[in-house]
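> Okay, handing you the structure first.
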Amino acid sequence: MPQRKNIIEQAKEIFGAFLLKNGYRKTAERYSVIDELYAQDEHIDVDNLYLWMKNKEYSISRATIYNTLDLLVECGLAVKHQFNDRSALYEQALTYRHHDHLVCNICHKIKEFSDPRMEEIKNMIGTELKSQITSHSLVFYGDCTIDSCENK
């Protein structure tokens, strides 16, 4: 856990510099969003993050969480994903390694995967279309074949 604590402190330093540079106020509520987002090992939406924080007795509004997450995305400390028609999901980005996603249509679980062939494909497409591709997002949707799926 000490490593996670160091990562959170590093994220707070980066965020503080971002807030100062852009004229935003540094508030305890904004920093608490970092604490709780970086405590997650899964993708999380605003409503679940709000409930998580309320259960921990934080005094924070949904609007503050939304606004803070937008700022965290803007300064590169969070990644925002939109899968199908679901609410936006967020994950911490300081130790983020690019990955793609498989979303189950049945149980709605999200599985992350990395495949070096995706980088090769990205480079081939960039060459073919004469474009310098700087990022990509790939999401597969499929039906779960796990016997223990709770939605079967």
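The values are calculated or read from the model by the stated rules, or taken from the named source; none is laboratory data. Owing to the predicted nature of the structure, the values given are computational and were not obtained by experimental measurement. Heads up, the Cβs are rebuilt from the backbone with ideal geometry, glycines too, and the neighbour counts pull from every protein chain shown. Ligands, DNA and RNA are stripped out before the accessible areas are found, and what is left, the full protein with its side chains, is counted by its heavy atoms. Shrake-Rupley method; radii C 1.70, N 1.55, O 1.52, S 1.80 Å.
> Kindly list the number of the only condition in (1) surrounded by 10 or more Cβ atoms within 10 Å (Cβ to Cβ); (2) in a loop (DSSP other than H, G, I, E, B); (3) touching a His at 6+ places or on another chain (Cβ under 9 Å) that fails for Ile146.
Status for Ile146: all satisfied but (3).
> OK, next. Could you count how many residues in the stretch 127-149 are more than 26 Å from the chain's Cα centre (by Cα) and either under 17 Å from His81 (Cα atoms) or modelled with pLDDT of 90 or more (or both)?
Of the residues in the stretch 127-149, 5 are more than 26 Å from the chain's Cα centre (by Cα) and either under 17 Å from His81 (Cα atoms) or modelled with pLDDT of 90 or more (or both).
> Quick check on my filter: what residues within the stretch 77-135 are open to solvent by less than 20 Å² (accessible area, probe 1.4 Å), assigned to a strand (DSSP E or B) and in contact (Cβ under 8 Å) with a residue 60 or more places away in the chain?
If the condition is that a residue be open to solvent by less than 20 Å² (accessible area, probe 1.4 Å), assigned to a strand (DSSP E or B) and in contact (Cβ under 8 Å) with a residue 60 or more places away in the chain, then no residue fits.
> Hey, another quick one. Quick test for you: out of Ile106, Ile110, Ile65, pick the one residue that is over 12 Å from the mean Cα position of the chain (by Cα), modelled with pLDDT under 85 and closer than 28 Å to Tyr31 by Cα.
From the options Ile106, Ile110, Ile65, the qualifying one is Ile110.
> Restricting attention to the stretch 20-70, which residues are loosely packed, with under 13 Cβ neighbours inside 10 Å, of a type in the set (A, V, I, L, M) and closer than 24 Å to Asn6 by Cα?
Leu20, Ala28
> For Lys5, all conditions in the list (1) at pLDDT 95 or above; (2) open to solvent by 40 Å² or more (accessible area, probe 1.4 Å) hold save one; what is the number of the exception?
It fails just one condition, (1).
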